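One structure below.
The values are calculated or read from the model by the stated rules, or taken from the named source; none is laboratory data. Small disclaimer: the values here were computed from a predicted structure and weren't measured. Note: ideal-geometry Cβ built from the backbone for every residue, glycine included; neighbour counts use all protein chains shown. The accessibility values were calculated without ligands, DNA or RNA, using every heavy atom of the protein model including side chains. Shrake-Rupley method; radii C 1.70, N 1.55, O 1.52, S 1.80 Å.
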Amino acid sequence: MSREKTKYHLLKVIVRIIPIQIRSAPWNCLLENCLGVMHGLMFALSVMVTQRLFDAISDGAAGRASYRECVIQLVLLAVVTFGQQIINGVQNFHGIGVLLPKSAGRLTELIHRKIRKIDPVRFEDTAFLDDLNKAKEGIKAITMFCMLIFVCVSFYGVYFIAVGIYLFRLKPVLLLTLLLAFVPAMLAQTIHVRIFASLEEESAPLRREHDYYQKAICDREYFKETRLLGAFGFFYRLFENTMKVLTGKIWRAERKAALLRLLMDFTTFAGMAGSAYMLFTATMSGEITVGMFAAVFAALTQIFAMMQEVVVRQMGNMNRDVGKVVNFIRLLDMPERDGMEGEIDFTKGITAENVSFRYPGRNAFSVKNVSLHIAEGETIAIVGENGAGKSTLVRLLTGIYRPTEGMVLVGGLDTGSYSVSSIMRGISGVFQRYQRYKMTLKDNVTISDYTAQADSGRIRSVLTEAGFEKGNVGLEDMLSPEFDGTDLSGGQWQRVAIARGLYRANGFIILDEPTSAIDPVEETRIYRQFARLAEGKCALVVTHRIGSARLADRIVVMDGGRIVDIGTHEELIARPGQYARMWEAQAQWYERG
């Protein structure tokens, strides 16, 4: 769905988001609205009880009512006022303490399920990353947005309807009181919503830059290199400049909003003055009693204050957050990567037929016209210089990306027609940019099999196969200093990542340059061990180190996104070409034999 063509107006947003909010916590939403209705009725009842109290006092002073009747009305007003406070306290506790965190959790779960269904190639698109950043902000705003709608309908709506009926019964013209309070404020908010929706659209890319620069300054992942290279000033300038631009946009939007609020305050004052005059003339003409005058006059301040509360604060907050909520909806409306379900059969191997691939927003192909077949039980190595297209080809062969042109068959299933879950069933791998999960050693290894009971013996076995030296690190030890655990060296983390890939049941396994922190000799030993573990499976090794590639049955040489040569190690070094040149340059690194 096109971002440019799709318009999300406030009413459309409300219609879309309310059902989503209700599904996230149905009983809590019902309770929140019931409390709002009770709260609104209690406020309206206080106006009527106040009128009866003033009438009783007036009659008592004239000798038409007893002292006891006056006290009863006073006690009744006290009970209503106390009830207001109790309901208000319960509603605030339930909304902020129960509904908000519960809904936020469910909505986060919803958006995570959606992200799982989006084509992974979208994560290479800057525009999508901006949308994702904005949608995450929407998660925080959406529950508050819906709670404000609930408050406006169940509390303020009930209050103004009840008070409107009361005013109409006293004198129909007094209904103008509500209109004089409401219309000017609504006109101001119509402009207000445009201001902050535009602000949110402009702020998302800047906010993403700001967050990244802040991370580069103080995040643990960057801290050592930033300080060692003296790059703090460089990143701080970028951070400061981005913040200045971002805060400048916010300040200009707030200034416009403040001028609108000032204008609305003038119109509200004029409306209140007009309402007071109508009330005064009605009392002087004998149309309403002194008690009615006192009650309604006292309520005027409350009516205008509540109307301002609704329009300025509640609707203002809604308009401020509507841009973030729209981004949440926009992400939900993004097309998903779908496909048929099927059973994968690795006896059919892995096949690429005239495959080309281009990343979003780029003109050049990263992989161009590649054809390759990996048979069952065969290990293929892909070599080439950095930027040759090796990792992109791996993502195509595993079904992570779908080809721009051509076809990839994984175990007989076309990646362009079958679902991700079907394609990736039985595929495992270790990639160059592996993750260091802040969990226990056991959890770091077993994340691919989280539904089954972890087999400690098997965990230890794959750790041993990966060459991980445990030392004093136990399976239940936390691998994160932030959580009172321990940290591992770069080489140890790489071996944990390899063990993670080996632990997953698979018929097709990939090693995509996961050993950059290991010396070439040790890398060769790991790949030799990997070759033994991959016997009988489809296996793929990606490396720029030739010594590891010679263990494969066939070696694919890539350059500029194309396959420029293919053969065994002996065949490739026997003829002049890129492989032979790379081998000659790197041969001194490796053990001979």
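Checking Asp55 against (1) touching a Ser or Thr at 6+ places or on another chain (Cβ under 8 Å); (2) among the acidic types (Asp, Glu); (3) under 30 Å from Leu148 (Cβ atoms), which single condition isn't satisfied?
Evaluating Asp55 over (1) touching a Ser or Thr at 6+ places or on another chain (Cβ under 8 Å); (2) among the acidic types (Asp, Glu); (3) under 30 Å from Leu148 (Cβ atoms) leaves (3) as the failure.
Can you confirm whether the stretch 393-408 contains a residue that is in contact (Cβ under 8 Å) with a residue 60 or more places away in the chain, among the aromatic types (Phe, Trp, Tyr) and within 30 Å of Gly485 (Cα to Cα)?
No, because not a single residue in the stretch 393-408 is in contact (Cβ under 8 Å) with a residue 60 or more places away in the chain, among the aromatic types (Phe, Trp, Tyr) and within 30 Å of Gly485 (Cα to Cα).
Residues being modelled with pLDDT under 70 and open to solvent by less than 10 Å² (accessible area, probe 1.4 Å): count how many of those fall in the stretch 265-279.
1
Please pick out the residue among Leu30, Leu35, Leu74, Leu107 that is in contact with a Ser or Thr (Cβ under 6 Å, 6 or more places away or on another chain) and aliphatic (A, V, I, L, M).
Leu107
Among what's in the stretch 458-483 and is closer than 13 Å to Met439 by Cβ and among the acidic types (Asp, Glu), pick the residue that is modelled with the lowest pLDDT.
Result: Glu482.
Could you please tell me which pairs satisfy a Cβ distance under 6 Å, a separation of 6+ or placement on different chains, a first residue in the stretch 242-259 that is free of Cβ contacts under 8 Å to residues at least 40 places away in the same chain, and a second residue that is part of a helix (DSSP H, G or I) and open to solvent by 70 Å² or more (accessible area, probe 1.4 Å)?
So the pair list comes out as Thr242/Glu209.
Among the helices (runs of 4 or more DSSP H) confined wholly to the stretch 406-469, which include 3 or more residues that are charged (D, E, K, R)?
The qualifying helices (runs of 4 or more DSSP H) are 456-465.
Yes/no matrix, rows are residues, columns are (1) within 28 Å of Leu475 (Cα to Cα); (2) of a type in the set (Ser, Thr, Tyr); (3) modelled with pLDDT under 80:
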site	(1), (2), (3)
Tyr503	yes, yes, no
Ala517	yes, no, yes
Gly536	no, no, no
Ala549	no, no, no
Ala552	no, no, no
Glu570	no, no, no
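Go through the stretch 399-439 and give me each residue that's farther than 23 Å from Val541 by Cα, touching a strand residue (DSSP E or B) at 6+ places or on another chain (Cβ under 9 Å), of a type outside the set (Lys, Arg) and surrounded by fewer than 20 Cβ atoms within 10 Å (Cβ to Cβ).
Hits for the stretch 399-439 are Thr404, Glu405, Gly416, Ser417, Ser419, Met439.
So which of Phe145, Phe150, Phe155 ends up being touching a His at 6+ places or on another chain (Cβ under 8 Å) and at pLDDT 80 or above?
Testing whether each residue is touching a His at 6+ places or on another chain (Cβ under 8 Å) and at pLDDT 80 or above leaves just Phe155.
Could you please find all residues in the stretch 55-100 being farther than 27 Å from Gly157 by Cβ and of a type in the set (A, V, I, L, M, F, W, C)?
Ala56, Ile57, Ala61, Ala62, Ala65, Cys70, Val71, Ile72, Leu74, Val75
Please work out which residue is farthest from Phe160 (Cα to Cα), limiting yourself to the stretch 302-331 and to residues that are surrounded by fewer than 18 Cβ atoms within 10 Å (Cβ to Cβ) and modelled with pLDDT of 70 or more.
Arg330
Quick one: what pairs do we get from the stretch 526-542, first residue more than 10 Å from Ala381 (Cβ to Cβ), second among the basic types (Lys, Arg), C-beta under 9 Å, 6+ apart or different chains?
Ile526/Arg495
Rundown of residues vs (1) more than 30 Å from Glu336 (Cβ to Cβ); (2) over 26 Å from the mean Cα position of the chain (by Cα), yes/no style:
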| residue | (1), (2) |
| --- | --- |
| Ser417 | no, yes |
| Ser428 | no, yes |
| Phe431 | no, no |
| Leu441 | yes, yes |
| Val445 | yes, yes |
| Ser461 | yes, yes |
| Glu465 | yes, yes |
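Identify all residues within the stretch 55-71 that are surrounded by 14 or more Cβ atoms within 10 Å (Cβ to Cβ) and either at pLDDT 85 or above or out of contact with any Lys or Arg (no Cβ under 9 Å at 6 or more places or on another chain) (or both); write none if there are none. Working first, answer last.
Restricting attention to the stretch 55-71, the residues satisfying the condition of being surrounded by 14 or more Cβ atoms within 10 Å (Cβ to Cβ) are 55-60, 65, 69-70.
Hits for the stretch 55-71 are Asp55, Ala56, Ile57, Asp59, Gly60, Ala65, Glu69, Cys70.
Look at Ile86 and say whether it is within 11 Å of the chain's Cα centre (by Cα) and of a type in the set (Val, Ile, Thr).
The answer is no for Ile86.
Would you mind finding the one in Arg495, Arg525 that is modelled with pLDDT under 80, in a helix (DSSP H, G or I) and over 23 Å from Leu397 (Cα atoms)?
Of the residues listed, the single one that is modelled with pLDDT under 80, in a helix (DSSP H, G or I) and over 23 Å from Leu397 (Cα atoms) is Arg525.
Quick check on the stretch 578-589. Is at least one of its residues part of a helix (DSSP H, G or I), modelled with pLDDT under 85, of a type in the set (Asp, Glu) and farther than 30 Å from Ala364 by Cα?
Within the stretch 578-589, one or more residues are part of a helix (DSSP H, G or I), modelled with pLDDT under 85, of a type in the set (Asp, Glu) and farther than 30 Å from Ala364 by Cα.
Determine which member of the set Glu476, Glu482 is loosely packed, with under 13 Cβ neighbours inside 10 Å, under 32 Å from the mean Cα position of the chain (by Cα) and in a helix (DSSP H, G or I).
Result: Glu482 is the single residue among Glu476, Glu482 that is loosely packed, with under 13 Cβ neighbours inside 10 Å, under 32 Å from the mean Cα position of the chain (by Cα) and in a helix (DSSP H, G or I).
Are there helices (runs of 4 or more DSSP H) fully within the stretch 81-180 with at least 2 residues that are in contact (Cβ under 8 Å) with a residue 40 or more places away in the chain and open to solvent by 50 Å² or more (accessible area, probe 1.4 Å)? List them.
Output list reads 100-117, 126-150.
Looking at the stretch 51-74, I want the residues that are within 25 Å of Leu300 (Cα to Cα) and touching a residue at least 24 places away in the same chain (Cβ under 8 Å) and have a partner that is polar (S, T, N, Q) and open to solvent by less than 90 Å² (accessible area, probe 1.4 Å) with Cβ atoms under 6 Å, at least 6 apart or on another chain. Which pairs are those?
Arg52/Gln73; Leu53/Gln73; Asp55/Thr289; Ala56/Gln73
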